[in-house]
Structures are given as C-alpha cells and as structure tokens.
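Take a look at the structure set out below.
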Amino acid sequence: MGDRTAFRTCPLCEALCGLELTLDEAGTVKRVRGDEKDPFSKGFICPKGATLGSLDGDPDRLAEPLVAGETAGWDEAFEAVRRGLSEVVARHGRDAVAVYIGNPTAHSIAGPLYGSAVVKALGTRNLYTASTADQMPKHVACGHMFGDPLAIPVPDLDRTGHLLMLGANPLESNGSLASAPDFPGRLKAIRARGGKITVVDPRRTRTAALADEHVFIRPGTDAFFLMALVHTLFAEDLVKTAEHLAGRVNGLDDLRALAVDFAPEDVADATGVPAAVIRRTARELAAADRAAVYGRIGTCTQAYGTLNSWLVDVLNVLTGNLDRPGGAMFPRPAHAPVYRRKKPFTTARWRSRVRGLPEVNGELPVATLADEIETPGEGQVRALITIGGNPALSAPNAARLDRALAGLEFMVSIDPYLNETTRHAHVVLPPPRPAQTPHYDIALTGLAVRDYARYSPPVVPLPDGRPSEAELLARLAVAASGTDGDPALLDEMIIKSTLAKAVAIPGSPVHGREPDELRKMLDTGTLTEQRLDMMLRLGPYGDGFGAEPAGLTLTRLRTEHPHGLDLGALKPRLDEVLCTTSGRIELCPSTCAADVDRLRSALRDPGASGGTVLIGRRHLRSNNSWLHNVPELVRGSNTCTLQLNPADAERIGVAAGDTVRVTSRAGAVEAVAEPTDTIMAGVVSLPHGWGHDRPGTRTRVASRHAGVNVNAVTDEQEIDPLSGNAVLNGVPVTLEAAR
Ligand SMILES: Nc1nc2c(c(=O)[nH]1)N[C@H]1C(S)=C(S)[C@@H](COP(=O)(O)OP(=O)(O)OC[C@H]3O[C@@H](n4cnc5c(=O)[nH]c(N)nc54)[C@H](O)[C@@H]3O)O[C@H]1N2
Ligand SMILES: Nc1nc2c(c(=O)[nH]1)N[C@H]1C(S)=C(S)[C@@H](COP(=O)(O)OP(=O)(O)OC[C@H]3O[C@@H](n4cnc5c(=O)[nH]c(N)nc54)[C@H](O)[C@@H]3O)O[C@H]1N2
Ligand code: SF4
Ligand SMILES: [Mo]
C-alpha cells in the first residue's frame with residue numbers, strides 16, 4: 001500500500017477550485033495540486049488551496065469537544081448544551097438566545113442545509129451572520145429590484161467585452177459574488193480578446209494594475225459616482241432600451257428624475273474623480289458591445305451599500321446588459337428548483353430591540369449584537385451559539401463585542417479552533433477536518449460564472465463516534481429545541497415536506513406523483529446526501545425522479561463526474577428569476593429612491609468630505625481571521641501593516657516601519673507604517689482578521705504572528721440603513737506617530 005489520490009473542491013474561498021489530494025496510508029494529506037480535470041478550474045490553485053494539507057493536519061485543530069475548557073465526550077458535551085440553552089430559555093425566553101453564523105458555513109453543505117434548523121428550533125429573532133459585515137446590501141438591492149434577495153446577477157466574465165469593477169480585488173480575493181476559478185486568468189482573457197477593464201478603487205491594487213484603467217475614488221463615495229454615470233446615460237441619451245428588456249422594466253422616469261442632481265461636475269469634488277473621467281466611463285460603458293458592471297465588498301461595506309448595489313445593476317439594465325451573454329447574468333444552480341413559489345421581498349418584519357434596526361432576510365445586523373447583549377431589559381441576549389464565525393475579530397467594534405461575549409450566561413460554538421471568539425464558549429463542538437468532510441457548494445454555485453456542479457465525498461472516513469458537521473448541527477437543533485429527539489428525524493421531516501410541496505406544484509417535474517414513491521428513489525448514502533440528491537433531481541438539470549431519464553442525480557454526479565460537471569455558459573433566465581409583485585424589474589424601488597435623499601444631503605454638506613479615512617484590504621495568503629495558523633501562509637514579511645500615502649506619512653512624521661496610532665470614535669490601534677503611493681492621500685488601509693494576541697486561545701502559530709485588529713477601530717454605530725450592513729470602509733480616523 002502506498003499513497004493514494006483523491007479529488008475534492010477547495011472549501012476555502014468562493015472560487016470553487018478542484019483539488020487533487022495525495023494522501024498516505026494513514027489518511028494524512030501530503031500534497032495538494034489543482035485538479036487538471038475539473039472543467040471549471042482546469043487545474044488552477046492558489047497558495048491557500050495548495051496548503052490545505054497543513055490546515056487539515058493542523059495540530060491545534062480540536063479533536064474533541066471542550067466543556068468548560070476541558071476535553072469531554074460528545075454525549076456529555078451535547079448534554080451541557082441542552083442544559084445551558086434550556087436554562088437560559090426557561091429564565092429569559094427564546095429571544096434570549098442569539099445565533100451568529102460565520103463565513104465558512106457558506107462554503108459547506110452542512111451550513112446551508114442545517115443552519116436554519118438550529119435557528120428555527122430555537123425560535124429566536126436574534127439571528128446574526130457575517131452577511132451584515134459583507135454582502136447584505138446586494139441581497140436588499142436585488143430583493144427590491146428582482147423580488148428575490150438571492151437573485152444576484154454576476155458578470156459574465158468569459159464573454160464580456162467591457163468590465164467596470166468597483167470595490168473588488170479578485171487578484172487577492174479570487175473573487176466574490178462571482179465564483180470564477182482563476183479569476184485573474186479570466187480577466188486577462190478579457191483584455192486578450194480586445195476588451196477593456198476599468199477598476200475603481202482608492203488603492204491601485206494588483207487587480208487595478210492588471211486593468212486597462214484605474215480610477216482612484218474617495219472611499220464611501222461610489223454612490224455619487226454611480227449616480228453620475230446614470231445621470232450621464234440619461235443626459236446624453238445613451239440609455240438603451242434593449243429588446244429583451246422591453247416592457248419588463250418599471251421606474252425609468254423616476255430614475256431619470258432622481259439622477260438629475262448628480263451631474264459629473266456635481267460629484268467630482270466628493271469622489272475625487274474628474275467629471276471628464278466620469279463622462280467618458282459612462283460613454284464607454286454605453287458603447288461597449290457586451291459590458292458588465294460589478295461591485296463588491298468595497299461598495300457594500302459602506303454607508304451607501306444598498307444604493308451602490310442597486311446602482312450597479314441599474315447600470316446593467318440601462319445599458320441593456322442585464323440577462324444577456326457578456327453582460328450581468330443570473331446563474332442557474334443545479335440544486336435549486338426553478339418552480340419554487342416565492343413571497344415578495346420585504347424587510348423590517350421585526351426590529352432589533354435596542355436600536356430598532358430592521359430585520360433583513362431573517363437577520364439583524366451584527367453591528368448591533370453587542371447592544372443586544374449589553375443592554376439590560378426584557379429580551380436581552382444572554383446566550384449565544386456561534387457556527388463557524390469569529391465575530392470577536394470580524395465584527396465592527398470587535399473589542400466591544402469581545403467584552404460582551406465574556407458576559408454571556410452561556411455560549412456554545414461549532415468551530416474547529418479555540419480562538420478569539422470560541423475562548424468565551426462554555427462548550428466548543430469541533431467539526432471534522434476538511435478531508436473528512438463532504439462538499440457541495442450550495443451557496444456559491446448560485447453565484448458562479450458558469451453553471452457547474454460538483455460533489456466531493458469525504459476523502460478520509462470519519463472515525464467511529466465522530467459526528468460530521470451536518471450531524472453536529474442536527475444534534476444542536478435538537479438540543480436547541482429542548483427535546484432529546486432523534487436528529488435523523490430532522491432530515492426525514494425536511495425530505496417529506498419538500499417532496500410533498502414538489503408534487504403539489506404545477507410545473508414541477510414531479511407534479512402529481514406520490515411522495516412516498518419518490519422518497520424510496522433517493523440515493524442510498526447519508527441523509528445529507530439523500531437531501532442533496534433530492535434537490536438535484538428536482539433542479540433544472542435534474543432527472544425529475546425519472547421524468548428526464550438522462551438528467552442529474554447525486555449518484556450520477558458522483559460516479560460519472562468526479563471532477564465536476566460543467567453545465568454550460570450562463571443562460572438568459574429573467575423569467576425564471578423575476579418575482580416582484582409587478583412582475584417587472586423595479587428599476588427605481590421606493591426604498592432606494594427614498595435613500596437618495598440622504599445621498600443628496602451629503603453632497604450638499606461640504607463638511608462631509610475631507611479628513612483621513614480607513615479602508616480594509618485582503619491578501620492572497622490570508623482568509624479572514626482563520627488561516628493565520630497555517631505556517632506556510634504567515635511565513636515571510638508582516639502583511640498586517642498600515643498602508644498610507646507618502647504625503648500623509650510625511651505629514652505625521654513617520655517612515656516605513658515606524659508605528660502609527662490610528663484612532664476613531666470606537667477605539668484605537670497601533671500598526672506598522674507602510675508608505676506607498678498605491679493608496680490615495682487621505683486614505684489608510686489595514687487588513688482585517690488579525691489581532692491574535694488574546695489570552696485563552698489555542699492557535700499557536702497565529703499567536704506568534706498576531707497582527708492587530710482593524711475592527712478595534714471600525715464603528716458599530718455606523719451602518720447602511722437599508723441593509724443594516726456594517727460600515728467597514730471609509731471610517732473617519734486620526735493618525736499620529738506612536739511613541
Ligand atoms: N485571500 C483572500 N481571499 C478572500 C478573503 C480573504 O480574506 N483573503 N475573504 C473572502 C471573503 S469573506 C470575501 S467577502 C471576498 C471579498 O472579495 P473582494 O470584494 O474582492 O475583497 P477585497 O480584496 O477586500 O477588495 C475590496 C477592494 O475594495 C476597495 N475599497 C475599499 N473601500 C472602497 C470604496 O469605498 N470604494 C471602492 N470603489 N473601493 C473600495 C479596497 O481597496 C479593495 O481593493 O474575498 C474572499 N476571498
Ligand atoms: N474591517 C473589516 N472587517 C471585516 C471584513 C472587512 O473587509 N474588513 N470582511 C467581513 C467579511 S466579508 C466577512 S465574510 C466576515 C467574516 O467573519 P466571520 O465569519 O465571523 O469570521 P472568519 O474569520 O471567517 O471566521 C471563521 C470561523 O470559522 C471557523 N471554521 C473554519 N472552518 C470551519 C468549518 O469547517 N466549520 C465550522 N463550523 N467552523 C469553521 C474558524 O475557526 C473561525 O472561527 O468578516 C467581516 N469583517
Ligand atoms: S482560489 Fe480559493 S478555492 Fe481556489 S485554491 Fe485558492 S482558496 Fe481554494
Ligand atoms: Mo465575506
């Protein structure tokens with residue numbers, strides 16, 4: 001017996017790369033390469049994927065549950081969870097238990113399939129996720145425009161001839177809300193076929209350097225810039241009433257009226273972008289044969305996050321590029337039935353107790369979690385469940401949240417590490433390592449630039465008695481409900497109700513059939529696999545339980561397509577997607593229109609601009625807060641530096657390597673200066689996810705490369721009002737040389 005090879009999708013970022021793993025007899029991952037046979041990633045890999053073996057074999061990864069800091073058995077740990085949660089619920093009610101769901105749950109099967117069961121079992125209104133520190137504005141904008149917060153158009157990278165990109169740096173991040181393995185290669189291909197890329201960013205990033213044009217913009221002012229583009233399209237009669245969108249768009253006149261006040265000349269000072277550049281950008285966008293506008297986290301995590309997200313797709317509509325090849329298109333994931341009935345999008349079905357912030361997508365803003373924990377009174381949060389999240393580092397004003405976590409009556413975390421957040425937990429339940437975990441990207445294939453499906457079974461079997469993450473979440477849901485039922489019943493219930501609904505809906509491939517008969521046809525694997533099989537078979541490429549004999553099933557995906565299945569380029573599908581009450585695209589939703597008042601007032605307030613502001617950044621070898629324990633990824637020079645323009649460095653009297661004190665309303669942090677002319681004057685940048693110097697953690701490598709936490713400075717009081725999203729970019733700060 002020697003080494004063996006196994007294949008799976010990389011679970012680390014949104015790029016969905018296929019990996020080829022070499023394992024020894026003991027199941028240790030010895031080498032990782034790109035899977036050349038993956039039809040989507042074609043062998044592409046980045047340094048994070050290449051070091052997945054180190055992450056997988058990290059000796060600091062928890063192998064067993066911790067109860068009160070001591071190693072415990074699984075039954076004992078779950079009993080502690082059941083007791084801890086029921087005591088809080090009995091004393092303070094269901095809303096006293098909050099749930100925080102973090103980023104890695106969007107990269108797993110378990111998160112999307114079982115996360116909401118935990119929340120439902122608790123019956124709490126206090127759900128928080130990393131989405132409100134990320135893309136919630138995009139959900140809100142798409143909810144209002146298309147009726148479905150999950151209907152997010154992605155740039156059709158492989159066919160576009162013109163890409164206008166704002167607040168995204170895919171050469172470091174590998175892309176987001178646009179899953180595209182080898183995003184850098186796809187960008188280069190746009191240029192190679194004669195297309196143009198324009199990047200709008202306060203920093204000249206590696207992505208900007210690759211582009212044809214880089215436009216510096218003052219942080220937080222994209223909405224002015226985008227409005228001026230809209231203004232120019234109308235003013236110069238460049239709005240294309242594309243044939244395929246004719247009669248399907250509401251609100252064109254309202255939009256034209258809104259944009260009147262935002263001529264390029266009116267916004268040039270605020271944005272720092274010359275009026276001539278704005279006009280030219282609008283003209284080029286309108287003239288391009290196939291163009292896409294794409295905005296990412298730099299446009300979301302700011303005070304006008306929803307307006308930005310909305311205006312990006314407004315531009316895609318006005319230039320006739322929405323839902324057409326080479327433009328911005330809606331992916332058609334294999335696991336999501338197209339016939340599901342959707343309720344029209346609304347927000348504010350409830351509000352947060354302390355600040356009165358609206359619910360969005362069933363969630364409250366993470367920016368107010370500390371308020372809810374710290375503020376006494378009826379409904380105060382006394383217990384917390386975290387699932388794959390590290391809000392003690394990732395949330396705005398994380399230092400405050402960190403203190404708040406320490407005061408909870410009970411906390412349980414599903415997490416492989418004892419880190420800045422989970423050190424506060426009374427019980428930590430570690431999921432198995434990636435090699436032992438099955439993979440299917442439920443969340444991300446819905447955002448991919450080609451239709452694509454891949455199922456990766458675990459490459460190493462779980463040891464007896466060790467629960468998978470799906471089982472952990474199912475058991476947590478049972479514990480949260482206060483009962484001691486069989487977690488398997490949860491899957492059975494979901495399968496039963498999904499099939500019952502599917503047979504009742506006219507237009508579904510199984511309309512009129514017997515649910516019991518369908519149930520018997522499901523894959524013979526784990527219950528998780530059976531649920532996935534059901535979803536694929538009911539999906540747009542599925543076999544419809546025999547109705548389309550050549551269609552997709554999980555068995556077929558697993559056995560015939562172990563390297564993944566390419567389901568083709570994106571297809572126009574507005575009809576399948578659109579579910580607004582009017583049945584049309586709402587180009588000027590009233591909520592967005594009303595928020596433009598705020599934008600207009602800010603434009604008239606000359607005090608609003610000026611002063612130093614802080615933004616974030618990402619590095620290829622990092623992934624939020626949790627890859628800093630992988631030695632290969634933190635080797636070399638410190639990347640947690642404060643980038644600032646040489647002019648600003650000179651003004652405060654610091655040189656490279658000196659320490660700068662950065663102070664905001666929320667707090668202060670000291671970081672090493674890295675003067676660079678790649679960043680605008682008046683703007684400074686610190687990456688997030690660092691600050692691993694807290695006591696009580698067990699991430700030995702990360703502790704030696706602690707860095708500082710930028711979220712000690714970001715302000716939890718500043719949010720985008722429509723989405724509740726945190727403002728992590730454009731934070732007003734003052735700088736001084738530290739002694
Ligand atoms: N290597 C690596 N990859 C990652 C991650 C990681 O931490 N490391 N995180 C993953 C996650 S969770 C996400 S959400 C994605 C994010 O993926 P991206 O959105 O590509 O994220 P960033 O690389 O942070 O790029 C954001 C850019 O916005 C710019 N920016 C800041 N403020 C503004 C502004 O006001 N206006 C404009 N126009 N630009 C601004 C920043 O300078 C930065 O270049 O990346 C994912 N991939
Ligand atoms: N200033 C600033 N702050 C930011 C950002 C920014 O750009 N600037 N970006 C924001 C964004 S986009 C995001 S997405 C958030 C991320 O915010 P979070 O999701 O809160 O933080 P992460 O650092 O991704 O933490 C992931 C956690 O999941 C654990 N984990 C890893 N693998 C698994 C697994 O398989 N199962 C489980 N259960 N747990 C696992 C890790 O140990 C870690 O504790 O941060 C946000 N915070
Ligand atoms: S780009 Fe993302 S998905 Fe691809 S190997 Fe790197 S971390 Fe993994
Ligand atoms: Mo994110």
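The values are calculated or read from the model by the stated rules, or taken from the named source; none is laboratory data. Keep in mind it's a predicted model, so treat the numbers as computed, not measured. FYI the Cβ positions are ideal-geometry reconstructions off the backbone, even for glycines, and counts take in every protein chain you see. SASA here: full protein model, heavy atoms, side chains in, ligands and nucleic acids out. Shrake-Rupley method; radii C 1.70, N 1.55, O 1.52, S 1.80 Å.
Can you give the extra length, in nm with one decimal, that the chain gains between Asp3 and Ala547 once fully stretched, where that is 0.36 nm per residue apart less the Cα-Cα distance? Don't skip to the end; give the middle numbers.
Numbers: separation 544, 0.36 × 544 = 195.84 nm, distance 4.21 nm.
Stretched fully, the Asp3-Ala547 segment lengthens by 191.6 nm.
If R₀ is 22 angstrom, what is the calculated FRET efficiency for the pair Glu236 and Glu213, using the beta carbon separation as r and rounding to 0.05? Walk me through the numbers before you get to the answer.
Working: r = 20 Å, r/R0 = 0.89.
The computed FRET efficiency comes out at 0.65.
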Checklist outcome for this item: Other residues with Cβ under 12 Å from the Cβ of Ser309 give, with Lys and Arg +1 and Asp and Glu -1, a net charge of -3
Checklist entry - What's the FRET efficiency of Glu514 with Asp486 using the Cβ-Cβ distance as r and R₀ = 22 Å, to the nearest 0.05? => result 0.35
Next on the checklist: Give the separation of the Cα centroids, region 324-374 to region 488-560, in Å.
Outcome noted: 26
Checklist entry - Of Ile373, Ile494, which has the most accessible area and how do the rest follow, probe 1.4 Å? => result Ile494, Ile373
Next on the checklist: Give me the one-decimal nm value for the distance between modelled label points at Asp677 and Tyr339, 7 Å along each residue's Cα-to-Cβ direction.
Outcome noted: 6.3
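Residues with beta-carbon under 10 Å from that of Glu87, excluding Glu87: net charge, scoring Lys, Arg +1 and Asp, Glu -1? Working shown, then result.
On the way: positive: Arg82, Arg83, Arg91, Arg382; negative: Glu409.
My count for the surroundings of Glu87 gives +3.
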Checklist entry - Which pairs break 25 Å Cα to Cα here: Lys342/Lys571; Lys37/Lys520; Lys240/Lys343; Lys48/Lys571? => result Lys37/Lys520; Lys240/Lys343; Lys48/Lys571
Checklist entry - Expressed as a rounded percentage, what relative contact order does the chain have, with Cα pairs under 8 Å and six or more residues apart? => result 20
Next on the checklist: Given the -39500 (n - 2.57) contribution per DSSP H run of 4+ residues, what per-residue ellipticity at 222 nm results for the chain, rounded to the nearest 500 deg cm²/dmol?
Outcome noted: -9000 deg cm²/dmol
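Mind running the shape call on region 619-739? Use the C-alpha gyration tensor, a ≥ b ≥ c as the square roots of the eigenvalues: rounded below 1.5 for a/c, prolate if a/b tops b/c, oblate otherwise.
Values: a/c = 1.72, a/b = 1.15, b/c = 1.50.
Verdict is oblate for region 619-739.
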Next on the checklist: Let me understand region 332-397 better: what is its radius of gyration from the alpha carbons, and its Dmax, in angstrom?
Outcome noted: 15.8, 46
Next on the checklist: Can you tell me, using C-alpha contacts under 8 Å and at least 6 residues apart, the relative contact order of region 497-563 as a whole percent?
Outcome noted: 23
Checklist entry - At each listed q (0.14, 0.20, 0.30, 0.31 Å⁻¹), what is the log10 of I(q)/I(0) that the Debye formula gives for region 386-438 modelled as equal alpha-carbon point scatterers? => result -0.36, -0.66, -1.18, -1.23
Item to check | Solvent-accessible surface (1.4 angstrom probe) belonging to Trp74, in square angstrom, nearest 10 | outcome: 40
Next on the checklist: Below 13 Å, Cα to Cα, which aspartates and glutamates can Lys120 reach? Residues fewer than 8 away in the same chain don't count.
Outcome noted: Asp95, Glu363
Checklist entry - Among all the aspartates and glutamates, which ones have a C-alpha under 17 Å from Lys188's C-alpha, if same-chain residues fewer than 8 places away are not counted? => result Asp156, Asp158, Glu172, Asp212, Glu213
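Note down the relative contact order for region 608-739 as a percent, whole number, built from C-alpha pairs under 8 angstrom at least six residues apart. Before the final figure, lay out each step's value.
Details: 267 pairs, mean separation 47.9, N = 132.
So the answer I get is 36 percent.
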Checklist outcome for this item: Accessible-area order for Glu243, Glu372, Glu265, largest to smallest, probe 1.4 angstrom, reads Glu243, Glu265, Glu372
Checklist entry - Given a 1.4 Å probe, how much area per residue of the chain is accessible, in Å²? => result 36
Checklist outcome for this item: SASA check, Ser723, accessible area w/ 1.4 Å probe, all protein chains in place, rounded to nearest 10 Å², comes out at 0
Checklist entry - What accessible area, in Å² to the nearest ten, does a 1.4 Å probe give for Val32? => result 10
Item to check | Efficiency of FRET from Cβ geometry, Thr346 and Ala287, R₀ 41 Å, rounded to 0.05 | outcome: 0.60
Checklist outcome for this item: Around Arg454 (Cβ within 10 Å, Cβ-to-Cβ, excluding Arg454; K/R +1, D/E -1) the net charge comes to -2
Checklist entry - How far apart, in nm, are two points set 7 Å out from the Cα along the Cα-to-Cβ line at Ala738 and at Glu378? => result 4.6
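Over all directions, how big on average is the projection of the convex hull of the alpha-carbon atoms in region 500-574, in square nanometres? Could the numbers behind the result be given before it?
Values: hull surface 23.6 nm².
Here the figure is 5.9 nm², rounded to one decimal.
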Item to check | Distance-filtered residues of region 413-454 - backbone nitrogen under 18 Å, label point 7 angstrom along Ala706 Cα→Cβ | outcome: 418-424
Checklist entry - So what's the gap between the Cα centers of region 36-92 and region 654-669, to the nearest angstrom? => result 34
Item to check | Spatial separation of Cα centroids for region 188-246 and region 269-306, in angstrom | outcome: 4
Checklist entry - Hey, rough spin-label estimate for Ala668 and Trp74, points 7 angstrom out along Cα→Cβ, what's it come to in nanometres? => result 5.0
Checklist outcome for this item: Sorted largest first, the Cα spans of the chain on the principal axes come out in Å as 67, 65, 58
Checklist outcome for this item: Cα extents of region 668-739 per principal axis, largest first, Å, are 38, 33, 23
Checklist entry - Just by accessible area at a 1.4 angstrom probe, what is the order of Met680, Met136, Met521 from largest to smallest? => result Met521, Met680, Met136
Checklist entry - For the chain, what is the percent of antiparallel DSSP beta bridges, rounded to the nearest 5? => result 50
Checklist entry - Among 126-134, 39-47, what's the highest-first ranking by average C-beta atoms within 10 angstrom per residue? => result 126-134, 39-47
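Starting from the Cα gyration tensor of region 457-524, take the square roots of the eigenvalues, sort them a ≥ b ≥ c, and report rounded, prolate or oblate (rounded when a/c is under 1.5, otherwise prolate if a/b is larger than b/c, else oblate). Spell out each step's value before the answer.
Details: a/c = 3.14, a/b = 1.69, b/c = 1.86.
Oblate is the answer for region 457-524, as a/c is 1.5 or above yet b/c matches or exceeds a/b.
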